[in-house]
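K.L.:
My questions all concern the structure below.
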There are 2 protein chains.
Amino acid sequence: MAKELKDLTKRSENYSQWYNDLVVKADLAEQSAVRGCMVIKPYGYAIWEKMQQQLDRMFKETGHVNAYFPLLIPKSFLSREAEHVEGFAKECAVVTHYRLKNSPDGGGVVVDPAAKLEEELIIRPTSETIIWNTYKNWIHSYRDLPILCNQWANVMRWEMRTRMFLRTAEFLWQEGHTAHATREEALEEVVKMINIYADFAENYMAVPVIKGVKSANERFAGAIETFTIEAMMQDGKALQSGTSHFLGQNFAKAFDVKFVNKENELEYVWASSWGVSTRLMGALIMAHSDDNGLVLPPHLAPIQVVIVPIYKNNDQLAEISKVVEPIVNELKGMGISVKYDDADNKRPGFKFADYELKGVPVRLAIGARDIENGTIEVMRRDTLEKSVAQLDGIASHVKDLLEKIQDNIFKKALAHREEMTTTVDTYDEFKEQIEKGGFILAHWDGTTETEEKIKEETKATIRCIPLDGDKTPGKCMVTGRPSAQRVIFARSY
Amino acid sequence: MAKELKDLTKRSENYSQWYNDLVVKADLAEQSAVRGCMVIKPYGYAIWEKMQQQLDRMFKETGHVNAYFPLLIPKSFLSREAEHVEGFAKECAVVTHYRLKNSPDGGGVVVDPAAKLEEELIIRPTSETIIWNTYKNWIHSYRDLPILCNQWANVMRWEMRTRMFLRTAEFLWQEGHTAHATREEALEEVVKMINIYADFAENYMAVPVIKGVKSANERFAGAIETFTIEAMMQDGKALQSGTSHFLGQNFAKAFDVKFVNKENELEYVWASSWGVSTRLMGALIMAHSDDNGLVLPPHLAPIQVVIVPIYKNNDQLAEISKVVEPIVNELKGMGISVKYDDADNKRPGFKFADYELKGVPVRLAIGARDIENGTIEVMRRDTLEKSVAQLDGIASHVKDLLEKIQDNIFKKALAHREEMTTTVDTYDEFKEQIEKGGFILAHWDGTTETEEKIKEETKATIRCIPLDGDKTPGKCMVTGRPSAQRVIFARSY
């Protein structure tokens, strides 16, 4: 592990390579034999499971239920919604046959041409179409509304340039699809969910986010309005971390989903959809980690505390273990996930480096002399600070420390974002500033034309029109035309 | 609902139709627009989630971890293991292209012929090949073993005749894939997992199962030995409910996965794989339910207790609610999932029928007079018996009752299986008995030839060679040749 640690590229040398190294070396994921598809390894999956559990809890607390819809979507479904097909038909995996047969030359198997599907099927890139085709049968009257379904699923988009967690052909996500009787209720749902995502990002991932709406250009294909949470990575680039879409009646019209309202009139149903994916893993890794490896927020760390015994012989180990056992039990009783690593085939130094690489928030180390003194060594992963604590009351101390670490990680990320956020008024300033990275607050005239010119010339996109903060109107930095408020520009993942 | 209940076919009239009706009317699942693929509706999915949570707990308690491997498998991987390809290549979904384009005639989208994959990809029917191709990079030394991975995933097998939950083109499952240094350890894992499945089936699903090994003919394609748990449905047919495979070194050889053992020699790795799927939902439904609807075992019921108020006006409702609230809280405190259904747009009779249809184990009904008397009406779903209980101590009473119901459902299913299990010695007897359904214990000479003759002539297959019970040798009922022990024959799902 010492060797592997040395191999971890430094952020200052090559941030992108540092990320790729870290994903592999911390045992989070690896490339698979299938282009653009990754294997999520057990340690990476354990973090994703913690995310899932918390999100699932938040969805259920707000009245949502889970369901499961088919992986495959008839090709013709995509075409039903004009903008949707433009956005999603271009890069998708197409199933054309349903059987293989032995190769006539005896070398393996070939596609059986006799088993050609009448209509090709698409591996879902997102499920609005198949779900609204289903909702048609579920919804007849206002009494059937609202429908508040979520599904945890795999989806596939045939991306040409992929990066683990950030952009992969197959990824895991959740997609909520809700149906409502009124426009207001659907919009309320859209806002409720972007707030839940922001709450999750800030209070569990410890990643500060800016809530806002997307420009027309960056909207979900088929949405009237897309709400987003945007996070800033350590290199100053933005990462879109979750989106919630107001779909209006677009999919209801495409799939002919009408209901009888309270006034006994037939009306199209109003819709929302919202999702976060394994991309959040990328955000989590890039927002907090350092040149020693992962830094995980305690609220999502699969192992929150590791205890390493320092001993010379089995008698010492036995003595240490006797002291550690009740501490482990007390921590577990507090709902803290703790690992006592008494494996005797690795040295303490190796273990220390390994748990640092894996981002375990708190490391306790205890030797014979500590026991004599009634003390224990405490190392916190976020600052790498070591201290000596009393054995007496150590569980409560660790519990408090975990919350302090959670808080500190968030504050650090927030301070970084604030430091890397600037306000500019001229396009020249903008071009200079964007090279330094970070978020730029600037006025924009609201047109796709101006947005695309800026993107082409600077590689920066409008991340969002923020919901909170300064709403003062002004003049577009490029065209001088009126601007309703400053928007956030950044280069992004 | 009264109307819908009437529409539920009776088991005695048409068991198969009863099952199909029940799946739809109890809101468990429905057919989708994609041939052979179902939509799992929220109530059905909630039961599946309860199954998942418990199984996941049992897997983790025995040292397993979750991971995620790609959905798509390169076609050539299937051919690496000779028997595996024969078993799985025949009916699978094949991805041949990665892009659609606008149709030249303007009518929707068509497959872009320019976006043809060099090598076709198969939607996983099971993941041994892609996982063993991955394990090759994870395993070098005996120190890397064992690997004890599980994944929760969707898989696809292009079945020609499908039935919801029992046999669908896409289904949800878990698949464990373990790697070991020795044959003994791998076999131990195989047995451990079939025991966990049996424990789950009997103590959570309340479905008694017979553990055994499959005949060569019924083995998993690529396995040396397949262990199975076999359950009996109410119509006397068998349902294979979970399998655990000893794969020997077959996949290690196919994917060249070797390790340096303790003696410093290169050796192929030993493997197991094991899985249960949404098919268990079919077993759960068919084992216990009746002509009034679902009967769910309390350990897996999403709603364990429902409380229905009987009132004439809002004052009465308020009074009842005041009494019910602390009961709800006490039950929740005991970890019991309870719903207080005070919806005022449905009558009590409608609610009663609906919760019966949905299989809620305990229903409490309470009216103004009950409050005067300090009583509450208790209905248990398994026997449909009503009784009057004291309000005082009702939570404990319900808690005990839930365990009684769990126990009763299991015993009822066990008694049914025992009643429907016979021992025969001649093939004539066998042919007569098989028409009556149930399990038949008979001697068989151990050959595939005899097994296939029996299957052809009677539609019965060998469900398993049981691990427990009578091991007395005898003579094959068909050929008179020696038989090591009686095996279990049945017609099956």
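K.L.:
Identify the residue in the range A:214-256 that is in contact with a helix residue (DSSP H, G or I) (Cβ under 6 Å, 6 or more places away or on another chain) and under 14 Å from A:His177 (Cα atoms) and, among all such residues, is surrounded by the fewest Cβ atoms within 10 Å (Cβ to Cβ).
P.N.:
A:Phe246
K.L.:
Could you count how many residues in the range B:434-493 are closer than 21 Å to B:Val191 by Cβ and small (Gly, Ala, Ser)?
P.N.:
So the count comes out to 2.
K.L.:
What are the residues in the range B:120-176 that are part of a helix (DSSP H, G or I), surrounded by 20 or more Cβ atoms within 10 Å (Cβ to Cβ) and of a type in the set (S, T, N, Q), if any?
P.N.:
Within the range B:120-176, B:Thr129, B:Asn133, B:Thr134 meet the criteria.
K.L.:
Looking at (1) at pLDDT 95 or above; (2) of a type outside the set (D, E, K, R); (3) in contact with an Asp or Glu (Cβ under 6 Å, 6 or more places away or on another chain), which one does B:Gln234 not meet, given that it meets all the others?
P.N.:
Answer for B:Gln234: the failing condition is (3).
K.L.:
Quick check on the range B:38-57. Is at least one of its residues in contact with a Gly (Cβ under 6 Å, 6 or more places away or on another chain), at pLDDT 95 or above and of a type outside the set (S, T, N, Q)?
P.N.:
No, because not a single residue in the range B:38-57 is in contact with a Gly (Cβ under 6 Å, 6 or more places away or on another chain), at pLDDT 95 or above and of a type outside the set (S, T, N, Q).
K.L.:
While we're looking at this one, here's another question. In the set A:Ser16, A:Ser12, which member is among the polar types (S, T, N, Q), more than 7 Å from every other protein chain (Cβ to nearest Cβ) and not in a helix (DSSP H, G or I)?
P.N.:
Every option except A:Ser12 fails the conditions.
K.L.:
Within the range A:321-337, identify whether any single residue is under 26 Å from the mean Cα position of the chain (by Cα) and either among the aliphatic types (A, V, I, L, M) or away from chain B (no Cβ under 14 Å) (or both), and answer yes or no. Explain how you work it out, then say what you get.
P.N.:
Here is the first cut: in the range A:321-337, the ones under 26 Å from the mean Cα position of the chain (by Cα) are A:335-337.
When the remaining residues are screened for being either among the aliphatic types (A, V, I, L, M) or away from chain B (no Cβ under 14 Å) (or both), the result is A:335-336.
Looking through the range A:321-337, at least one residue is under 26 Å from the mean Cα position of the chain (by Cα) and either among the aliphatic types (A, V, I, L, M) or away from chain B (no Cβ under 14 Å) (or both).
K.L.:
Something else about it: Determine which single condition B:Lys90 fails, assuming it passes every other condition in (1) farther than 30 Å from A:Gln52 by Cβ; (2) buried (at least 17 other Cβ atoms within 10 Å of the Cβ); (3) within 23 Å of the chain's Cα centre (by Cα).
P.N.:
Evaluating B:Lys90 over (1) farther than 30 Å from A:Gln52 by Cβ; (2) buried (at least 17 other Cβ atoms within 10 Å of the Cβ); (3) within 23 Å of the chain's Cα centre (by Cα) leaves (3) as the failure.
K.L.:
Hey, another quick one. Give me the residue from the range B:70-93 that is among the acidic types (Asp, Glu) and part of a helix (DSSP H, G or I) and, out of that set, farthest from the other protein chains (Cβ to nearest Cβ). Walk me through it before giving the result.
P.N.:
In the first step, residues of the range B:70-93 are kept if they are among the acidic types (Asp, Glu); the result is B:81, B:83, B:86, B:91.
Remaining after also requiring part of a helix (DSSP H, G or I): B:83, B:86.
Values: B:Glu83: 13, B:Glu86: 9 Å.
Filtering the range B:70-93 for residues that are among the acidic types (Asp, Glu) and part of a helix (DSSP H, G or I), the one farthest from the other protein chains (Cβ to nearest Cβ) comes out as B:Glu83.
K.L.:
Tell me, yes or no, whether the range B:107-117 has at least one residue that is facing chain A (nearest Cβ under 8 Å) and surrounded by 24 or more Cβ atoms within 10 Å (Cβ to Cβ).
P.N.:
No, there is no match, as no residue in the range B:107-117 is facing chain A (nearest Cβ under 8 Å) and surrounded by 24 or more Cβ atoms within 10 Å (Cβ to Cβ).
K.L.:
Does the range A:245-252 contain at least one residue that is at pLDDT 95 or above and closer than 25 Å to A:Ala29 by Cβ?
P.N.:
No: zero hits.
K.L.:
How do the strands (runs of 3 or more DSSP E) wholly within the range B:261-329 filter down when requiring 2 or more residues that are of a type in the set (A, V, I, L, M): which remain?
P.N.:
B:270-277, B:305-310
K.L.:
May I pose another question? Any residue at all in the range A:48-64 that is surrounded by fewer than 17 Cβ atoms within 10 Å (Cβ to Cβ), of a type outside the set (Ser, Thr, Tyr) and not in a helix (DSSP H, G or I)?
P.N.:
yes
K.L.:
Just to be sure I understand the filter: pairs with C-beta atoms under 7 Å, separated by 6 or more residues or on different chains, first member in the range A:162-191 and within 14 Å of chain B (Cβ to nearest Cβ), second member of a type in the set (Phe, Trp, Tyr) and in a loop (DSSP other than H, G, I, E, B). Which pairs pass?
P.N.:
A:Ala169/A:Trp158
K.L.:
Quickly run through the range A:436-453 and pick out the residues that are over 23 Å from A:Glu418 (Cα atoms) and among the β-branched types (Val, Ile, Thr).
P.N.:
A:Thr447, A:Thr448, A:Thr450
K.L.:
Quick check: anything in the range B:195-206 at pLDDT 95 or above, surrounded by fewer than 24 Cβ atoms within 10 Å (Cβ to Cβ), in a helix (DSSP H, G or I) and of a type in the set (Asp, Glu)?
P.N.:
yes
K.L.:
Return yes when B:Tyr98 is closer than 23 Å to A:Ile123 by Cβ, within 23 Å of the chain's Cα centre (by Cα) and without any contact (Cβ under 8 Å) to a residue 24 or more places away in the chain and no when it is not.
P.N.:
no
K.L.:
Now for a separate question. Take the range A:228-243 and flag every residue that is without any contact (Cβ under 8 Å) to a residue 60 or more places away in the chain and of a type in the set (S, T, N, Q).
P.N.:
If the condition is that a residue be without any contact (Cβ under 8 Å) to a residue 60 or more places away in the chain and of a type in the set (S, T, N, Q), then A:Ser241, A:Thr243 are the ones that fit.
K.L.:
Between residues in the range B:120-132 that are farther than 16 Å from B:His245 by Cβ and at the interface with another protein chain (Cβ under 10 Å from one of its Cβ atoms) and residues that are surrounded by fewer than 24 Cβ atoms within 10 Å (Cβ to Cβ) and among the small types (Gly, Ala, Ser), which pairs lie under 6 Å by C-beta distance while being six or more apart or on different chains?
P.N.:
From the range B:120-132, no pairs qualify.
K.L.:
Output the residues belonging to the range A:444-467 that are in contact (Cβ under 8 Å) with a residue 40 or more places away in the chain and under 21 Å from A:Gly236 (Cβ atoms).
P.N.:
A:Trp444, A:Glu451, A:Thr461, A:Ile462, A:Arg463, A:Cys464, A:Ile465, A:Pro466 - these are the residues of the range A:444-467 that are in contact (Cβ under 8 Å) with a residue 40 or more places away in the chain and under 21 Å from A:Gly236 (Cβ atoms).
K.L.:
Let me ask something additional. Out of (1) more than 8 Å from every other protein chain (Cβ to nearest Cβ); (2) farther than 30 Å from B:Asp112 by Cα; (3) in contact with a helix residue (DSSP H, G or I) (Cβ under 9 Å, 6 or more places away or on another chain), what's the single condition that is false for A:Gln31?
P.N.:
(2)
K.L.:
Now for a separate question. Got at least one residue in the range A:327-341 being among the aromatic types (Phe, Trp, Tyr) and over 21 Å from A:Lys50 (Cα atoms)?
P.N.:
Within the range A:327-341, the subset among the aromatic types (Phe, Trp, Tyr) is A:340.
Still in the list and also over 21 Å from A:Lys50 (Cα atoms): none.
No, the conditions are met nowhere in the range A:327-341.
K.L.:
On the given criteria, is A:Val34 in contact with a strand residue (DSSP E or B) (Cβ under 8 Å, 6 or more places away or on another chain) and in a helix (DSSP H, G or I)?
P.N.:
no
K.L.:
Starting from residues that are of a type in the set (S, T, N, Q) and touching a residue at least 24 places away in the same chain (Cβ under 8 Å), keep the ones in the range A:282-319 and report whichever is nearest to A:Glu202 (Cα to Cα).
P.N.:
First pass over the range A:282-319, keeping only residues of a type in the set (S, T, N, Q): A:289, A:292, A:304, A:313-314, A:316.
With touching a residue at least 24 places away in the same chain (Cβ under 8 Å) added as a condition, the list becomes A:289, A:292, A:304, A:316.
Details: A:Ser289: 16, A:Asn292: 23, A:Gln304: 18, A:Gln316: 43 Å.
If we take residues in the range A:282-319 being of a type in the set (S, T, N, Q) and touching a residue at least 24 places away in the same chain (Cβ under 8 Å), then A:Ser289 is nearest to A:Glu202 (Cα to Cα).
K.L.:
Can I ask one more? Tally the residues that are within 7 Å of chain A (Cβ to nearest Cβ) and of a type in the set (Ser, Thr, Tyr), restricting the search to the range B:34-69.
P.N.:
So the count comes out to 2.
K.L.:
Only residues that are out of contact with any Gly (no Cβ under 7 Å at 6 or more places or on another chain) and surrounded by fewer than 19 Cβ atoms within 10 Å (Cβ to Cβ): list them for the range A:402-422, please.
P.N.:
A:Glu403, A:Lys404, A:Asp407, A:Asn408, A:Lys411, A:Lys412, A:Leu414, A:Ala415, A:His416, A:Glu418, A:Glu419
K.L.:
Go through A:Ala186, A:Ala179 for me and flag whichever is touching a helix residue (DSSP H, G or I) at 6+ places or on another chain (Cβ under 9 Å) and surrounded by 22 or more Cβ atoms within 10 Å (Cβ to Cβ).
P.N.:
Step by step, each of A:Ala186, A:Ala179 is checked, and only A:Ala179 is touching a helix residue (DSSP H, G or I) at 6+ places or on another chain (Cβ under 9 Å) and surrounded by 22 or more Cβ atoms within 10 Å (Cβ to Cβ).
K.L.:
If you go through the range B:348-363 one residue at a time, how many are surrounded by fewer than 24 Cβ atoms within 10 Å (Cβ to Cβ) and not in a helix (DSSP H, G or I)?
P.N.:
Total meeting the criteria: 2.
The values are calculated or read from the model by the stated rules, or taken from the named source; none is laboratory data. In this text the structure is predicted, and so the values were computed from the model without any measurement. Here the Cβ is made from the backbone with ideal geometry for all residues, glycine too, and neighbour counts use every protein chain on show.
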